[in-house]
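One structure is given below, encoded as structure tokens.
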Amino acid sequence: MAKYVLRETALHLLTRIGEQGGFSHVLLDREMSKQELSRQDGALLTEIVYGTLQRRDLIDYYIQPYTAGQKKIKPWVRWLLYMSVYQMIFLERVPDHAVIHEAVEISKKRGHKGISSFMNGVLRNVQRKGVQSLDDIENEITRLAVETSHPEWLVKRWTDQYGLETTRAMCEANNHHLPMSIRVQPLRITRHEAAEQLREDGFSVEESTFSTQGLVVKEGNILNHTLFKEGFVSVQDQSSMLVAEMMNLEEQMSVLDACSAPGGKTTHIAEKMKDKGSVTAYDLHEKKARLVSKKAGQLQLTSIKAGQADSRTLTSLHDSESFDRILLDAPCSGLGVLRGKPDIKYHKSEEDIYNLRKIQDDLFNEVAPLLKPGGKLLYSTCTVDQHENEEAVRHFLDQHPEFELDPAFVHDLPEALRKGAGLTEAGLQIFPHEWDTDGFFLTRLVKK
């Protein structure tokens with residue numbers, strides 16, 4: 001890549017994400033596709049963008065002694081400081097002098113001499129004097145929040161729910177790379193065949209404990225491989241794969257996926273039924289519903305019918321007791337996927353959790369009549385908040401005595417997960433540090 005262009009691209013993305021609320025994973029993928037980066041440049045760009053976002057608050061704390069006298073710092077200047085200090089402290093392979101030189105040159109190009117002098121001064125101070133110690137922060141919640149760059153309200157909330165030790169482990173895991181996992185399309189290829197082919201092509205993969213279709217890609221870019229491009233495998237986090245595995249699916253069943261986009265769980269359901277039966281999938285937005293249809297086409301699955309609908313009104317579209325199985329993968333705060341979407345933690349508020357819970361309750365109440373007696377409802381979220389998970393389930397059961405927790409749920413879990421730290425009577429909370437996955441919750445209910 002041309003000189004300075006990679007860092008300028010990183011700066012552009014960070015300023016866009018940090019100041020305008022763009023989604024990091026979407027913007028980064030789009031930029032990498034547009035510029036057709038080499039594998040090495042793509043890896044470095046990803047590392048700088050994600051690493052800087054993940055450590056933003058810690059870096060801000062580090063540089064405060066050197067920026068305190070500056071009345072107002074332009075957003076792009078602050079993000080250039082953040083990404084430069086991130087490289088100096090966390091990326092050993094990039095020499096400090098190179099980072100400082102490029103930051104100063106970018107400052108000259110985008111600003112004026114005063115900005116470049118300020119940039120040079122701050123970074124030289126970091127290089128010579130180091131950064132201030134976290135030991136100066138007496139309150140342990142505040143210190144953990146700064147150290148791991150999580151909002152203090154969130155650290156306190158998690159500590160109240162799970163204790164300080166689990167909260168620390170979660171926060172630290174959120175600042176580390178999430179291994180990519182893939183799901184094979186078993187009607188087209190076996191897991192063993194896919195693994196062997198990938199290993200022959202230089203990939204390092206291992207079998208997932210969450211799903212008989214899952215593989216964890218330790219090394220190699222699966223997005224450029226024929227197996228992905230031709231629909232033999234699809235990308236899906238291991239915790240997400242557990243959903244279809246736990247639905248007790250059989251051929252010829254009628255299944256409802258109430259909140260289906262982008263279609264990973266929907267297509268997995270169809271695969272588990274050997275594409276025999278019907279999967280009715282909805283999403284609130286027409287564009288996202290089309291993504292589900294597109295994914296089904298890529299995987300050569302014909303049993304899926306996707307469409308736009310507000311799933312809080314599904315009783316007006318379907319008769320009561322229409323489905324053998326229902327998946328309610330509810331809209332949530334997304335606090336379990338911070339490893340792949342670090343910007344979420346800076347944009348969410350505690351109020352968002354309570355507002356989303358209202359939607360979750362409404363969805364629960366709306367889909368309940370659509371399940372046949374003896375049918376099973378799988379509830380899942382990609383968050384680690386008890387209010388959206390355990391409390392939502394218990395509230396639903398209090399309001400719907402015709403439902404009960406499936407007594408076979410724990411028995412049907414993969415053996416390794418039956419002793420999970422987050423297993424309660426209400427379901428299974430998967431923590432991001434526990435299995436090196438996203439944070440995730442699921443449970444299974446039965447209609448009596």
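The values are calculated or read from the model by the stated rules, or taken from the named source; none is laboratory data. Predicted model, so just to flag it, every value in this text is computed and none were measured. So basically every Cβ, Gly included, is an ideal-geometry build from the backbone, and we count neighbours across all protein chains shown. Note: accessible area is taken over every heavy atom of the protein model, side chains too, but ligands, DNA and RNA are not part of it. Shrake-Rupley method; radii C 1.70, N 1.55, O 1.52, S 1.80 Å.
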Note, segment 208-219: 3J(HN,Hα) by Karplus (6.51, -1.76, 1.60, θ = phi - 60°), whole Hz, Gly/Pro = x, goes 7, 7, 8, 8, 5, 9, x, 9, 9, 8, 7, 8
For a test of the definition: using alpha carbon positions, the gyration tensor, and the 1.5 limit on a/c, classify segment 344-448 as rounded, prolate or oblate.
oblate
Most packed first (mean Cβ within 10 Å per residue), the peptides 240-253, 373-386 order as 373-386, 240-253
Taking 2.2 N^0.38 Å as the expected size of a compact globular protein, what ratio does the Cα radius of gyration of segment 146-215 give against it, to two decimals?
1.65
Between Arg39 and Lys72, what is the label-to-label distance in nm when each label sits 7 Å out along the Cα-to-Cβ direction?
4.8 nm
Run the numbers for Arg16 and Asp310: contour at 0.36 nm per residue of separation, minus the present Cα-Cα distance, in nm.
102.8 nm
Pairs of Cα atoms under 8 Å, at least six residues apart: use those to get the relative contact order of segment 312-414, whole percent.
40 percent
Mean shadow area of segment 255-348, taken as a quarter of the surface of its Cα convex hull (nm²)
6.8 nm²
Under the classification rounded if a/c is under 1.5, otherwise prolate if a/b is larger than b/c and oblate if not, where does segment 238-447 fall, given a ≥ b ≥ c as square roots of the Cα gyration tensor eigenvalues?
rounded
Counting only protein heavy atoms, what percent of the accessible surface of segment 105-176 is carbon or sulfur at a 1.4 Å probe?
44 percent
Output the pairs from Lys276/Lys348; Lys74/Lys288; Lys34/Lys109 with a Cα-Cα distance over 32 Å in this structure; if there are none, say none.
Lys276/Lys348; Lys74/Lys288
Could you run the Karplus curve 6.51 cos²θ - 1.76 cosθ + 1.60 with θ = phi - 60° over segment 164-171 and give me ³J(HN,Hα) per residue in whole Hz, x for Gly and Pro?
5, 5, 5, 4, 4, 4, 5, 4
Which of Lys156/Lys376; Lys229/Lys345; Lys274/Lys294 exceed 27 Å between C-alpha atoms? The answer is Lys156/Lys376; Lys229/Lys345
What is the P(r) of segment 180-235, as percent of Cα-Cα pairs per 10 Å bin from 0?
27, 66, 7
Spin-label point model (7 Å from Cα, Cβ direction): what's the Ser278 to Asn221 distance in nm?
4.3 nm
Once the piece of chain linking Leu164 and Val235 is laid out straight, how much longer is it, given 0.36 nm per residue of separation minus the C-alpha distance between them?
22.3 nm
Kindly provide log₁₀ I(q)/I(0) values, in the same order as q = 0.09, 0.12 Å⁻¹, from the Debye equation applied to equal alpha-carbon scatterers of the chain.
-0.64, -1.06
Using modelled backbone amide H atoms (1.01 Å from N, in-plane), which distant-in-sequence or interchain residues come within less than 5 Å of Leu338's amide H?
Gly439
Asserting the computed 222 nm helical MRE of the chain (DSSP H runs at least 4 long, -39500 (n - 2.57) per run, divided by residue count, to nearest 500) equals -14500 deg cm²/dmol
Once neighbouring chains are kept in place and the probe is 1.4 Å, which whole percent of the accessible area of segment 291-448 is contributed by carbon and sulfur?
47 percent
Can you run phi through the Karplus equation (6.51, -1.76, 1.60; θ = phi - 60°) for segment 20-31 and list ³J(HN,Hα) in whole Hz, with x for Gly and Pro?
10, x, x, 7, 4, 5, 5, 5, 5, 4, 5, 5
Work out the charge dipole of the chain with +1 on the Cβ of Lys and Arg and -1 on the Cβ of Asp and Glu about the Cα centre, then indicate which of Tyr66, His285, Ala408 is farthest towards its positive end.
Tyr66
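So how do 197-208, 72-83, 264-275 stack up, highest first, on mean other-Cβ count within 10 Å?
So the peptides 197-208, 72-83, 264-275, ranked by packing, come out 264-275, 72-83, 197-208.
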If you count only protein heavy atoms with a 1.4 Å probe, what accessible area per residue comes out for segment 221-278, rounded to a whole Å²?
33 Å²
